[in-house]
Amino acid sequence: MTTTDIPRPADVDSGRRVSRKRPHKTATGGLRRAVPATTLLWIMACLYGFPVLWFVLSSLKPASDLFSYPLTLVPHNPTLSGFRAAWDSANFSQYFINTAIVCVITTILTVGVSCCTGYALAKYDNRWLKAFFLCILATTMLPGEVMLAPEFLVVRNLGLYNSFAGIILPAVLTATGCFMFRQFFLTVPDELVEAARIDGARELSIFLRIMVPLSRPIMLTLAILSFQWRWNDYIWPLLMLNDPNKFTVQIGIQSIVGAQNINWSVLLGASVISMIPLIAIFLVFQRYVMSADINAGLKD
(Lines give C-alpha, C1' and ligand atoms only; values in the text may rest on other atoms or scores of the structure.)
Protein backbone atom coordinates (compact mmCIF):
# COMPACT_ATOMS: atom_id res chain seq x y z
CA MET A 1 0.00 0.00 0.00
CA THR A 2 1.49 3.28 -1.09
CA THR A 3 1.32 6.51 0.76
CA THR A 4 -1.00 7.94 -1.85
CA ASP A 5 -3.65 5.36 -0.94
CA ILE A 6 -3.90 6.57 2.65
CA PRO A 7 -6.75 9.07 3.02
CA ARG A 8 -5.61 12.35 4.36
CA PRO A 9 -7.34 13.80 7.42
CA ALA A 10 -8.20 16.95 5.51
CA ASP A 11 -10.04 14.95 2.85
CA VAL A 12 -12.00 13.00 5.46
CA ASP A 13 -12.99 16.15 7.28
CA SER A 14 -14.11 17.87 4.07
CA GLY A 15 -16.20 14.85 3.12
CA ARG A 16 -17.85 14.88 6.50
CA ARG A 17 -18.59 18.57 6.18
CA VAL A 18 -20.18 18.07 2.77
CA SER A 19 -22.31 15.15 4.00
CA ARG A 20 -23.47 17.21 6.93
CA LYS A 21 -24.45 20.18 4.79
CA ARG A 22 -26.66 18.25 2.37
CA PRO A 23 -29.43 17.35 4.84
CA HIS A 24 -29.45 20.96 5.98
CA LYS A 25 -30.10 22.15 2.42
CA THR A 26 -32.82 19.53 1.95
CA ALA A 27 -34.55 20.51 5.18
CA THR A 28 -34.36 24.18 4.26
CA GLY A 29 -35.85 23.53 0.83
CA GLY A 30 -38.68 21.47 2.31
CA LEU A 31 -39.38 24.23 4.82
CA ARG A 32 -39.53 26.84 2.08
CA ARG A 33 -42.01 24.74 0.11
CA ALA A 34 -44.17 24.12 3.19
CA VAL A 35 -44.44 27.75 4.30
CA PRO A 36 -46.73 28.98 1.43
CA ALA A 37 -49.05 25.99 1.73
CA THR A 38 -49.23 26.28 5.51
CA THR A 39 -49.88 30.02 5.28
CA LEU A 40 -52.70 29.45 2.78
CA LEU A 41 -54.28 26.81 5.01
CA TRP A 42 -54.16 29.14 8.01
CA ILE A 43 -55.76 31.93 5.99
CA MET A 44 -58.58 29.62 4.87
CA ALA A 45 -59.05 28.34 8.42
CA CYS A 46 -59.39 31.91 9.69
CA LEU A 47 -61.87 32.79 6.94
CA TYR A 48 -64.04 29.79 7.74
CA GLY A 49 -63.59 29.93 11.50
CA PHE A 50 -64.23 33.63 12.08
CA PRO A 51 -68.02 33.47 11.42
CA VAL A 52 -68.31 30.41 13.67
CA LEU A 53 -66.33 32.16 16.40
CA TRP A 54 -68.55 35.25 16.11
CA PHE A 55 -71.65 33.02 16.26
CA VAL A 56 -70.52 31.19 19.42
CA LEU A 57 -69.39 34.36 21.20
CA SER A 58 -72.65 36.11 20.27
CA SER A 59 -74.58 33.39 22.04
CA LEU A 60 -72.85 34.49 25.26
CA LYS A 61 -74.02 38.09 24.89
CA PRO A 62 -77.17 39.52 26.49
CA ALA A 63 -79.96 40.34 24.08
CA SER A 64 -79.32 44.06 24.53
CA ASP A 65 -75.68 43.75 23.35
CA LEU A 66 -76.28 41.79 20.16
CA PHE A 67 -77.13 44.84 18.03
CA SER A 68 -75.29 47.51 19.98
CA TYR A 69 -73.10 49.87 17.99
CA PRO A 70 -70.21 49.53 17.46
CA LEU A 71 -70.32 45.76 17.11
CA THR A 72 -67.91 43.82 19.30
CA LEU A 73 -66.57 40.33 18.95
CA VAL A 74 -65.90 39.55 22.61
CA PRO A 75 -68.91 39.94 24.95
CA HIS A 76 -68.40 42.53 27.68
CA ASN A 77 -70.79 40.81 30.08
CA PRO A 78 -70.89 37.11 29.12
CA THR A 79 -73.94 35.25 30.30
CA LEU A 80 -75.57 31.84 29.88
CA SER A 81 -79.11 33.17 30.12
CA GLY A 82 -79.73 32.47 26.44
CA PHE A 83 -78.82 28.79 26.88
CA ARG A 84 -81.01 28.41 29.96
CA ALA A 85 -83.95 30.16 28.30
CA ALA A 86 -83.58 28.00 25.19
CA TRP A 87 -83.49 24.78 27.20
CA ASP A 88 -86.48 25.81 29.31
CA SER A 89 -88.60 27.21 26.47
CA ALA A 90 -88.74 23.93 24.56
CA ASN A 91 -88.66 20.24 25.36
CA PHE A 92 -85.04 19.92 24.26
CA SER A 93 -84.38 16.70 26.15
CA GLN A 94 -87.12 14.93 24.17
CA TYR A 95 -85.94 16.53 20.95
CA PHE A 96 -82.42 15.25 21.56
CA ILE A 97 -83.65 11.73 22.25
CA ASN A 98 -85.81 11.70 19.11
CA THR A 99 -83.00 13.03 16.94
CA ALA A 100 -80.47 10.61 18.42
CA ILE A 101 -82.76 7.64 17.64
CA VAL A 102 -83.25 8.79 14.05
CA CYS A 103 -79.55 9.57 13.50
CA VAL A 104 -78.14 6.38 15.00
CA ILE A 105 -80.52 3.99 13.20
CA THR A 106 -80.22 5.85 9.89
CA THR A 107 -76.42 5.97 10.12
CA ILE A 108 -76.10 2.24 10.80
CA LEU A 109 -78.43 1.33 7.94
CA THR A 110 -76.81 3.83 5.57
CA VAL A 111 -73.30 2.52 6.19
CA GLY A 112 -74.39 -1.12 5.85
CA VAL A 113 -76.43 -0.64 2.68
CA SER A 114 -73.83 1.61 1.06
CA CYS A 115 -71.03 -0.85 1.85
CA CYS A 116 -72.91 -3.78 0.29
CA THR A 117 -73.95 -1.75 -2.75
CA GLY A 118 -70.47 -0.32 -3.30
CA TYR A 119 -68.87 -3.77 -3.11
CA ALA A 120 -71.30 -5.23 -5.64
CA LEU A 121 -70.82 -2.31 -8.03
CA ALA A 122 -67.02 -2.52 -7.80
CA LYS A 123 -66.26 -6.24 -7.80
CA TYR A 124 -68.98 -7.78 -10.00
CA ASP A 125 -68.82 -7.28 -13.75
CA ASN A 126 -72.39 -6.95 -14.97
CA ARG A 127 -73.86 -4.42 -17.39
CA TRP A 128 -77.05 -4.16 -15.35
CA LEU A 129 -75.04 -3.19 -12.31
CA LYS A 130 -73.34 -0.46 -14.33
CA ALA A 131 -76.73 0.82 -15.48
CA PHE A 132 -77.95 0.72 -11.88
CA PHE A 133 -74.92 2.75 -10.78
CA LEU A 134 -75.66 5.37 -13.43
CA CYS A 135 -79.23 5.60 -12.16
CA ILE A 136 -77.92 6.15 -8.64
CA LEU A 137 -75.61 8.92 -9.82
CA ALA A 138 -78.47 10.48 -11.80
CA THR A 139 -80.34 11.13 -8.56
CA THR A 140 -77.58 13.56 -7.53
CA MET A 141 -78.40 15.73 -10.55
CA LEU A 142 -81.92 16.44 -9.29
CA PRO A 143 -82.63 19.03 -6.59
CA GLY A 144 -83.79 17.55 -3.33
CA GLU A 145 -87.03 19.54 -3.48
CA VAL A 146 -88.05 17.67 -6.66
CA MET A 147 -88.03 14.36 -4.79
CA LEU A 148 -90.02 15.57 -1.79
CA ALA A 149 -93.51 15.20 -3.31
CA PRO A 150 -93.15 11.63 -4.66
CA GLU A 151 -91.32 10.49 -1.52
CA PHE A 152 -94.05 11.96 0.66
CA LEU A 153 -96.78 10.20 -1.33
CA VAL A 154 -94.98 6.85 -1.15
CA VAL A 155 -94.33 7.11 2.59
CA ARG A 156 -97.90 8.21 3.29
CA ASN A 157 -99.37 5.36 1.23
CA LEU A 158 -97.19 2.90 3.16
CA GLY A 159 -98.73 4.12 6.42
CA LEU A 160 -95.46 5.56 7.76
CA TYR A 161 -96.63 9.15 8.12
CA ASN A 162 -95.89 10.77 11.51
CA SER A 163 -93.43 8.04 12.47
CA PHE A 164 -89.67 7.71 12.81
CA ALA A 165 -89.67 4.99 10.16
CA GLY A 166 -90.99 7.50 7.64
CA ILE A 167 -87.93 9.67 8.30
CA ILE A 168 -85.38 6.87 8.41
CA LEU A 169 -86.21 4.65 5.42
CA PRO A 170 -86.04 7.27 2.62
CA ALA A 171 -82.62 8.40 3.88
CA VAL A 172 -80.96 4.97 4.01
CA LEU A 173 -79.73 4.72 0.41
CA THR A 174 -77.54 7.68 -0.54
CA ALA A 175 -75.71 8.16 -3.82
CA THR A 176 -72.75 9.68 -1.97
CA GLY A 177 -72.28 6.61 0.21
CA CYS A 178 -72.53 4.17 -2.70
CA PHE A 179 -70.06 6.22 -4.71
CA MET A 180 -67.57 6.43 -1.81
CA PHE A 181 -67.56 2.68 -1.22
CA ARG A 182 -67.46 1.82 -4.91
CA GLN A 183 -64.44 4.03 -5.51
CA PHE A 184 -62.68 2.56 -2.47
CA PHE A 185 -63.34 -1.07 -3.40
CA LEU A 186 -62.05 -0.38 -6.92
CA THR A 187 -58.66 0.41 -5.36
CA VAL A 188 -58.57 -2.97 -3.58
CA PRO A 189 -56.59 -5.39 -5.80
CA ASP A 190 -58.64 -8.16 -7.38
CA GLU A 191 -55.81 -10.58 -6.53
CA LEU A 192 -56.80 -10.35 -2.88
CA VAL A 193 -60.33 -11.52 -3.68
CA GLU A 194 -59.11 -14.24 -6.04
CA ALA A 195 -56.67 -15.55 -3.44
CA ALA A 196 -59.49 -15.83 -0.92
CA ARG A 197 -61.66 -17.67 -3.44
CA ILE A 198 -58.84 -20.11 -4.19
CA ASP A 199 -58.52 -20.81 -0.47
CA GLY A 200 -62.20 -21.78 -0.45
CA ALA A 201 -63.73 -18.68 1.07
CA ARG A 202 -67.33 -17.93 0.13
CA GLU A 203 -68.49 -14.57 -1.17
CA LEU A 204 -70.14 -13.57 2.09
CA SER A 205 -67.03 -14.54 4.03
CA ILE A 206 -64.82 -12.52 1.66
CA PHE A 207 -67.03 -9.49 2.12
CA LEU A 208 -67.32 -9.69 5.91
CA ARG A 209 -63.78 -10.81 6.77
CA ILE A 210 -61.72 -8.95 4.17
CA MET A 211 -63.60 -6.09 2.57
CA VAL A 212 -65.42 -4.74 5.60
CA PRO A 213 -62.28 -4.45 7.80
CA LEU A 214 -60.38 -2.76 4.95
CA SER A 215 -63.15 -0.23 4.45
CA ARG A 216 -63.27 0.90 8.08
CA PRO A 217 -61.96 4.42 7.31
CA ILE A 218 -64.65 4.91 4.66
CA MET A 219 -67.28 3.52 7.01
CA LEU A 220 -66.33 5.97 9.75
CA THR A 221 -66.19 8.87 7.31
CA LEU A 222 -69.64 8.08 5.94
CA ALA A 223 -70.96 7.52 9.46
CA ILE A 224 -69.85 11.02 10.49
CA LEU A 225 -71.35 12.56 7.36
CA SER A 226 -74.60 10.61 7.64
CA PHE A 227 -75.00 11.52 11.29
CA GLN A 228 -74.44 15.17 10.43
CA TRP A 229 -76.94 15.06 7.54
CA ARG A 230 -79.67 13.53 9.65
CA TRP A 231 -79.00 15.75 12.65
CA ASN A 232 -79.27 18.91 10.52
CA ASP A 233 -82.21 17.68 8.43
CA TYR A 234 -85.15 20.05 8.70
CA ILE A 235 -87.44 19.92 5.65
CA TRP A 236 -88.21 16.19 5.61
CA PRO A 237 -88.99 15.82 9.35
CA LEU A 238 -91.10 18.97 9.13
CA LEU A 239 -93.21 17.37 6.39
CA MET A 240 -93.45 13.96 8.05
CA LEU A 241 -94.11 14.81 11.69
CA ASN A 242 -97.06 16.58 13.29
CA ASP A 243 -96.75 15.21 16.82
CA PRO A 244 -94.74 17.59 19.07
CA ASN A 245 -93.47 14.61 21.09
CA LYS A 246 -91.72 13.30 17.97
CA PHE A 247 -90.12 16.55 16.83
CA THR A 248 -86.39 16.60 16.13
CA VAL A 249 -83.91 19.23 17.29
CA GLN A 250 -84.12 21.38 14.16
CA ILE A 251 -87.91 21.57 14.33
CA GLY A 252 -87.61 22.40 18.01
CA ILE A 253 -85.29 25.30 17.22
CA GLN A 254 -87.73 26.56 14.60
CA SER A 255 -90.53 26.51 17.16
CA ILE A 256 -88.60 29.08 19.21
CA VAL A 257 -88.84 31.61 16.39
CA GLY A 258 -91.96 33.70 16.80
CA ALA A 259 -94.13 35.04 13.99
CA GLN A 260 -93.67 38.71 14.92
CA ASN A 261 -90.67 38.79 17.23
CA ILE A 262 -87.44 36.80 17.38
CA ASN A 263 -85.47 36.47 20.59
CA TRP A 264 -82.02 36.25 19.07
CA SER A 265 -80.30 35.45 22.34
CA VAL A 266 -82.48 32.37 22.85
CA LEU A 267 -82.18 31.36 19.20
CA LEU A 268 -78.38 31.58 19.26
CA GLY A 269 -78.23 29.59 22.48
CA ALA A 270 -80.44 26.85 21.05
CA SER A 271 -78.35 26.71 17.88
CA VAL A 272 -75.12 26.30 19.84
CA ILE A 273 -76.71 23.56 21.95
CA SER A 274 -77.65 21.70 18.77
CA MET A 275 -74.02 21.85 17.60
CA ILE A 276 -72.53 20.16 20.67
CA PRO A 277 -73.31 16.51 19.70
CA LEU A 278 -71.87 16.98 16.20
CA ILE A 279 -68.65 18.46 17.56
CA ALA A 280 -68.36 15.65 20.10
CA ILE A 281 -68.90 12.97 17.45
CA PHE A 282 -66.25 14.50 15.20
CA LEU A 283 -63.67 14.87 17.97
CA VAL A 284 -64.14 11.27 19.09
CA PHE A 285 -63.98 9.59 15.67
CA GLN A 286 -61.68 11.84 13.66
CA ARG A 287 -58.53 9.95 14.68
CA TYR A 288 -59.98 6.75 13.21
CA VAL A 289 -60.45 8.32 9.79
CA MET A 290 -57.15 7.46 8.15
CA SER A 291 -55.97 5.81 4.96
CA ALA A 292 -56.26 2.03 4.91
CA ASP A 293 -53.50 -0.38 3.93
CA ILE A 294 -55.28 -2.05 1.04
CA ASN A 295 -52.20 -4.07 0.09
CA ALA A 296 -52.15 -5.97 3.38
CA GLY A 297 -51.92 -9.71 2.81
CA LEU A 298 -50.42 -9.42 -0.68
CA LYS A 299 -46.91 -10.45 -1.69
CA ASP A 300 -44.79 -8.54 -4.17
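The values are calculated or read from the model by the stated rules, or taken from the named source; none is laboratory data. Keep in mind that what you see is a predicted model, and the values were worked out from it rather than measured. We place every Cβ from the backbone using ideal geometry, glycine too, and count neighbours over all the protein chains shown. Side chains included, ligands, DNA and RNA excluded: accessible areas come from the protein's heavy atoms. Shrake-Rupley method; radii C 1.70, N 1.55, O 1.52, S 1.80 Å.
Structural remarks
- Remark: pairs (first residue in segment 205-227, open to solvent by 40 Å² or more (accessible area, probe 1.4 Å); second residue not β-branched (Val, Ile, Thr); Cβ separation under 7 Å; 6+ apart in sequence or on different chains) = 210/192; 210/196; 216/292; 219/115.
- Conditions (1) within 23 Å of the chain's Cα centre (by Cα); (2) under 28 Å from residue 183 (Cα atoms); number of the one not met by residue 126: (1)
- Check on residue 267, of a type outside the set (Lys, Arg), modelled with pLDDT of 85 or more and either in contact with an Asp or Glu (Cβ under 7 Å, 6 or more places away or on another chain) or surrounded by 13 or more Cβ atoms within 10 Å (Cβ to Cβ) (or both): no
- In segment 151-210, counting only helices (runs of 4 or more DSSP H) that sit wholly within it, the ones holding 3 or more residues that are closer than 30 Å to residue 229 by Cβ and aromatic (Phe, Trp, Tyr) span 175-187.
- Evaluation of residue 83 against the conditions (1) in contact with a helix residue (DSSP H, G or I) (Cβ under 6 Å, 6 or more places away or on another chain); (2) open to solvent by 90 Å² or more (accessible area, probe 1.4 Å) shows that the sole unmet condition is (2).
- Annotation: of all residues in segment 55-69 being of a type in the set (A, V, I, L, M, F, W, C) and touching a helix residue (DSSP H, G or I) at 6+ places or on another chain (Cβ under 9 Å), the one that is most open to solvent (accessible area, probe 1.4 Å) is 67.
- Matching option when the condition is at pLDDT below 80, among the β-branched types (Val, Ile, Thr) and closer than 26 Å to residue 274 by Cβ, among 72, 107: 72
- Index of the failed condition, residue 212 passing every other in (1) aliphatic (A, V, I, L, M); (2) within 30 Å of residue 54 (Cβ to Cβ); (3) at pLDDT 85 or above: (2)
- Residue 42 among the hydrophobic types (A, V, I, L, M, F, W, C), under 20 Å from residue 86 (Cβ atoms) and out of contact with any helix residue (DSSP H, G or I) (no Cβ under 9 Å at 6 or more places or on another chain): no
- Yes/no for residue 102 being over 20 Å from residue 221 (Cα atoms), open to solvent by less than 70 Å² (accessible area, probe 1.4 Å) and out of contact with any Leu (no Cβ under 7 Å at 6 or more places or on another chain): no
- Some residue of segment 105-117 being assigned to a loop (DSSP other than H, G, I, E, B) and open to solvent by 60 Å² or more (accessible area, probe 1.4 Å): no
- With respect to the stated conditions, residue 27 fails to be exposed (fewer than 11 other Cβ atoms within 10 Å of the Cβ), of a type in the set (A, V, I, L, M) and modelled with pLDDT of 80 or more.
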